[in-house]
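Down below is the structure, laid out as structure tokens.
The values are calculated or read from the model by the stated rules, or taken from the named source; none is laboratory data. It should be emphasised that the depicted structure is a prediction, and the values quoted were computed from it without experimental measurement. All Cβ positions, even for glycine, are placed from backbone atoms using ideal geometry, and neighbour counts span all protein chains on display. In case anyone asks, the SASA skips ligands and DNA or RNA and just uses the protein heavy atoms, side chains included. Shrake-Rupley method; radii C 1.70, N 1.55, O 1.52, S 1.80 Å.
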Amino acid sequence: MWNYLQRRFVAGFFVTVPLALSVAALLWIFGLADALTSPVVEQIFGRRVPGLGIAVTGAGILVVGVFAANVLGRRLLQRADHYLLLVPLFRSIYAPVKQLVWAFNPQNESGFKRVVLVEEPNRGMVLGFLTRELTVPDASGTPEPWVAVYVPTNHLYLGDVLLYRQERVRFPEITVEEGVRIFLTGGMALPASIMTSAGATETLSAGPEGRLGGGTEVTRQGGF
């Protein structure tokens with residue numbers, strides 16, 4: 001009886017804790033956004049209006065977005081960004097956070113575009129993000145299509161940038177958000193099988209060759 005209760009408690013723990021942490025994080029974010037503009041709302045209405053601060057914060061973000069889309073606004077924001085990066089302590093926090101957030105911006109040409117798989121003879125299958133398409137001349141000077149692949153380490157905003165010929169890269173049917181989740185979970189979020197853009201099914205597992213440290217790498221059991 002005790003073993004039964006213990007197993008059920010552990011099962012309930014691993015269901016409840018992620019849910020509770022997610023709800024707590026959302027409440028904290030909404031509370032922080034509400035607290036930013038609550039004093040202004042209180043001065044206008046003469047009393048606190050719960051939730052109105054969140055709406056004002058959202059409207060403020062929208063206004064900043066409209067301002068940033070303007071040529072003059074973009075230049076002013078770039079100038080402000082330049083001065084912010086001159087602050088030593090603030091720069092060490094602001095720069096990596098901004099780069100990480102901008103990597104998911106669909107309007108950012110240098111952001112994460114797609115999840116890619118590349119076969120490395122000595123490392124198995126390497127999972128990374130396509131960040132750039134470029135051309136590199138071969139021995140005869142003829143431009144060849146290459147791609148830049150960002151392979152994160154244990155920290156998502158640190159990693160290696162590797163260049164591959166385009167024909168070496170495979171595109172699994174995994175979104176960028178799912179790819180980020182795979183790295184954050186140490187590979188545990190990898191699906192049992194995936195489809196590549198070429199239509200071949202891949203069965204992937206983290207085997208002896210597939211270290212989940214300096215870049216999430218997996219061994220291939222099926223062929224392309």
**Study point:** Matching option when the condition is part of a helix (DSSP H, G or I) and under 30 Å from PRO152 (Cα atoms), among PRO39, PRO96
**Key:** PRO96
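Please determine whether any residue of segment 45-54 is open to solvent by 80 Å² or more (accessible area, probe 1.4 Å) and either within 19 Å of TYR94 (Cα to Cα) or not in a loop (DSSP other than H, G, I, E, B) (or both).
Taking every residue of segment 45-54 in turn, at least one turns out to be open to solvent by 80 Å² or more (accessible area, probe 1.4 Å) and either within 19 Å of TYR94 (Cα to Cα) or not in a loop (DSSP other than H, G, I, E, B) (or both).
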Check your understanding: Is it true that some residue in segment 34-55 is on the phi > 0 side of the Ramachandran plot and either charged (D, E, K, R) or at pLDDT below 80 (or both)?
Key -> yes
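Take the conditions free of Cβ contacts under 8 Å to residues at least 12 places away in the same chain and either closer than 30 Å to ILE61 by Cβ or out of contact with any Cys (no Cβ under 9 Å at 6 or more places or on another chain) (or both) and apply them to ALA24. Does it pass?
Here the answer is yes, as ALA24 does meet what is asked.
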Exercise for review: Take the residues in segment 65-80 that are within 25 Å of the chain's Cα centre (by Cα) and surrounded by 12 or more Cβ atoms within 10 Å (Cβ to Cβ), then tell me which one is farthest from TRP28 (Cα to Cα).
Suggested key: ARG74
**Study point:** Scope segment 38-64; condition within 27 Å of the chain's Cα centre (by Cα) and over 23 Å from TRP28 (Cα atoms); matching residues
**Key:** VAL63
Study note, to complete from the structure: Listed by range, strands (runs of 3 or more DSSP E) wholly within segment 119-224 having at least 2 residues that are modelled with pLDDT of 85 or more are 124-137, 143-152, 159-165
Review point. In segment 27-44, which residues are in contact (Cβ under 8 Å) with a residue 12 or more places away in the chain and open to solvent by 50 Å² or more (accessible area, probe 1.4 Å)?
Key: PHE30, ALA35, LEU36, VAL40
